[in-house]
1. Run the Debye formula on the Cα coordinates of region A:133-261, all scatterers equal and no solvent, and tell me log10 I(q)/I(0) at q = 0.12, 0.20 1/Å.
2. Using only Cα atoms, locate the centre of region B:202-239 and the centre of region B:300-367, then give the distance between them in Å, rounded to an integer.
3. What number comes out for the charge environment of B:Leu127, summing +1 per Lys or Arg and -1 per Asp or Glu over other residues with Cβ under 11 Å away?
4. What percent does the relative contact order of region B:280-332 come to when contacts are Cα pairs within less than 8 Å and at least six residues apart?
5. If R₀ is 30 angstrom, what is the calculated FRET efficiency for the pair B:Gln113 and B:Ile10, using the beta carbon separation as r and rounding to 0.05?
6. Straight-line reach from B:Lys546: which lysines have Cα under 18 Å away, leaving out those fewer than 8 places along the same chain?
7. Regarding region B:451-556, what's the average projected area of the Cα-atom convex hull, expressed in nm²?
8. With viscosity set to 1.306 mPa s at 10 °C, what whole-number translational diffusion coefficient in µm²/s follows for region B:134-263 from Stokes-Einstein and a Kirkwood radius over Cα pairs?
Amino acid sequence: MESVNAKYVSQKISKTRWRPVSHSSLQQPDIFATGSWDNEDNKISFWSIGNHGSSGMDEGFEGDPQLLCEHKHDGDVLDLQFLDQDRIVTTSSTGAVTIFRHHQNSQTISVSQRWPRVHRYPCDNAPCTGVVCSSPEIVTVGEDGKIIVFRADQEGVIRVIENADSSTIHAVTYLRTTEILTVNSIGQLKLWDLRQQSNSPSQILSLSGDRLPLHCVDRHPNQQHIVATGGQDGMLCVWDVRQGSTPFSLMEAHSAEMWEVHFHPTNPDHLFTCSEDGSLLHWETSTHSDMPSFLQGGRNNSMISRSAMAPAGGNQSLISTWLSGDSSKGRLETTHMLPSQTLSVNSLDVLGQCLVCGTDGEAIFVNRQVPV
Amino acid sequence: MEELDVEPAITNIPAASDGKHLGFAWGPGDILAYETLYMAPGCSFIHEVRKDEDIYSPILRKLFNESHHIFVGLQTIREDLPSKNKKTQFVSISKNYRSVIRACMEELQQVLQKWPRNMEIRYVSILLAIELIWNLCEVLFIDAAPAGPLLLHLLDWVRLHKGDVDEKAREVLQSESPAEHHDYWDVVVSYVLQGRFEEARQMLVKQATLQPAARNMYKLMDTLLSKMPFYNPGGTQTLTEFDVKWRHWHEEVDRCLQDNSFASNQHLEIICKILVGDEDTLLEHKELLSTWYHFLVTRLLFCHPTVKPTELHYYAQSCMTMFLDLRSVPEPLDSILLAAFEFDIHQVIKDCSIALNNWWFVAHLTDLLDHCKLLQSHNLHFGSNLREFLLLEYASGLFTHHSLWQLAVDYFDNCPEFGHVYLELQIERVPLDTERKALKVLRICEQRQMSEQVRSICKIMAMRALRNNRLGSALSWSIRAKDAAFATLISERFLQDYCARGTFSDLDLIDNLGPAMLLSDRLTFLVKYREFHKLYEENRFSEAAKLLLSLITAKIAPRSFWMTLLTDALPLLEQKEVSHSAHCPYLLLYHLTCLVYGFIVFCYGSSCKVDQLLTSLIKESVCRFAGLGPEGLGTPKV
């Protein structure tokens, strides 16, 4: 693994995201956005790692990320997503949701649309903790337990699910185009069908033991019933939402809160997690001939898989490598991706062969040759 | 009480009006000052006086973050390594720190090129001075080179901090005729003064080609320059051998001078005098030397190349006196460097602490020196040793920053005596705006077994959630703190809600608590009571009855709820399922009656309404089970 250098940026990074590359081109991503937190003046920034025409680069030129432009942001940036090539949606600790537009020609940023104070308590603002978008629809969740649906370019909100949750909702993601998944601070994974008008979830799944908060959720890119979550105790849980109301398997991943979990978008045998304990792990399942499986209780990786059940019936070749019963075949490998212990890694994003992450040590790490 | 070292600095508060009295209060790093009048009430402004502005500079922030990373790495160096390996490691760590300072300086200079009037210009000279001092400390204390290599290191030190020679040389070389450039001889002499003879010789060649008549002279000078011996630390030559060789060379140069070999060329004559170490000639070139320590190193190079570390301070003192005017007052930097040459580490640290605004430099340097075991354990009046004192001061300063407080935690961790206490006091003052920040602070407290702080933070967050009617959040915070009392409070709220509205709120929470419900009795009751309602709705009456019975017998129901439970029991008794099962109704009745009597005796005294309800209850039950005589019920116990 090539060495990863830190770029110190004088702000604690709460979120980083790659700008999406069009599927037709085989380019590696070259621009990413970051949001800061815990500053008196928070900012969102766009950075470039100059991957355009990579053949022209000098050998050994690491390509430190270069700041393209930045813009002031009111409140901590709690979540950030690219809406399309030029626009990002951010959510703030003041309860506001904002769309920023990045003007590539002049390298400036402007506020395209803003919904202030959408998440709030009766007499106070509530931080808006998560956002997911599928242009033009935007869904946000917050500490006030509401789920709010917007459309870009439309004033006002489309729909509010009041009291969707009695505790804080930490993250949201799409399961299908009309269904979303949320995770909350009492360890529940809730499925919502947005086509229905009811204000209650269509399904609730929860951990079987202690109800510890779940902080992040991500769906398998190809197999939509497989979902991974990470929580306060650093456990990585893999769920099958079609069956059962408890996780399919649990793996000890980190020694502190897991902040983000991501399946690799094009190569879903690879999973990445980052945590408060300052580590970023790269999980890789490998299939062994025709029997896909992963190791149960791999002691050398200090991982203990608590439960793994073979799905009832089912064609084995369709079983994802993340869910399997046969423990003796196949491997699950984990590697640390950061050179040494740092302060909490708050966010990561992976696209193609590039990985970017941001830490509380005010550093950004970019790795351009992730082995996927 | 010790005497003051310097006069206290005066800070003017511009916004405060003249003639007003000012009151003040100390904060962790700042002072709050307010205008006060003894007579009239009311004051309009509170002024916050910040001592340390450096932590708010965006470029210096990188310094703090990167050096924090190095600091944490330094603390993990194993004690059991052999000292030689450790020394190399310490030197490399020292170089790391210095490269961080240099990176900061470069960035500052880049910023200043774009915006020359930037306020951060003052940091450039401070950083330069810091790096100069640190480098010298590395050479003298950490690397602790003996006689021989010592001079080589000092030469490197001087060369690194006199960058304008290269700039001038570049200018000269890029001109059309370098040898005729007005700065040409300055460059050559500067090279010689710094002991960079290769470059000097290359420059002289250009002059030699212009003056073929003086070719012999130039050749002689070239030979002299090339033959000057430099000590080779890795070689087999001993110091004494080197000394002998050097003296030979010195004599040769002296002979050339006496012979007037260079008499016809003024510049070469000067160079020859420099090579022989003539002080007057050196002093004539004060402008090229620009600092007394450059003069010192040059003088040592040409007079005493085998200088021992212990002899340094004699030469340092004399050079400083010779170089500086009698009237000029030595600057703080000069006295710090002098203290370093005298190997007085404590004086260096003390002077730096006074001269600099921020504790960063002294804290990190002292920590490194302490790891090298160079500081005697020097107990201060206030109980801890010097290293810990400085680290605590630095970290406390960091804690006042809205963002850098996270770095300070690691510094406190590495102060064995008082770090924990300081951290306990400071961490409670971090403002918690979002849950995410609270979680991070909690994680810090939990990892250090600071259970008091954990409880207090969870309570703050839970109260806030409760105020905003987020019962689920409040409950999850009390579960984290294992705070049974608060869980009881929340359950009371739920039960009150139920009594007021007749239905439960937040069913997704209550139905899915799992083992967390055992945290408090009240919570368990709440969950079980809700379960009872669910069973009733699903028409599973015998199970519902059993549950209700166990709730009553277990006595975890709050007193205010006993009436509700009794009323709930009534419709159950109507159900065929229940009344036909063998034991249940009788037991239920038995306990109901006990409770009823208990109520009367202990709680309510005599009240009309209560009496009515009780009477109707007893009547109904008696009517229903008319077939049974009192014997079947047994004697109720009071």
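1. -0.43, -1.14
2. One Cα centre to the other: 33 Å.
3. Numbers: positive: B:Arg98, B:Arg102, B:Arg122; negative: B:Asp54, B:Glu106, B:Glu107, B:Glu120, B:Glu131.
Every neighbour counted, the sum reads -2.
4. Numbers: 21 pairs, mean separation 23.6, N = 53.
Normalised by residue count, the contact order of region B:280-332 is 45 percent.
5. Working: r = 34 Å, r/R0 = 1.15.
So the FRET efficiency works out to roughly 0.30.
6. Partners found: B:Lys528, B:Lys534, B:Lys555, B:Lys576.
7. Values: hull surface 27.3 nm².
One quarter of the hull surface, i.e. the mean projection, equals 6.8 nm².
8. Details: Rh = 16.7 Å.
The estimated diffusion coefficient comes to 95 µm²/s.
The values are calculated or read from the model by the stated rules, or taken from the named source; none is laboratory data. Just so it is clear, the structure is predicted and the values come from calculations on it, not from any experiment. Neighbour counts are summed over all protein chains in view; Cβ atoms, including those assigned to glycine, are modelled from backbone coordinates with ideal geometry. These accessible areas exclude ligands, DNA and RNA; they are computed on the full protein's heavy atoms, side chains included. Shrake-Rupley method; radii C 1.70, N 1.55, O 1.52, S 1.80 Å.
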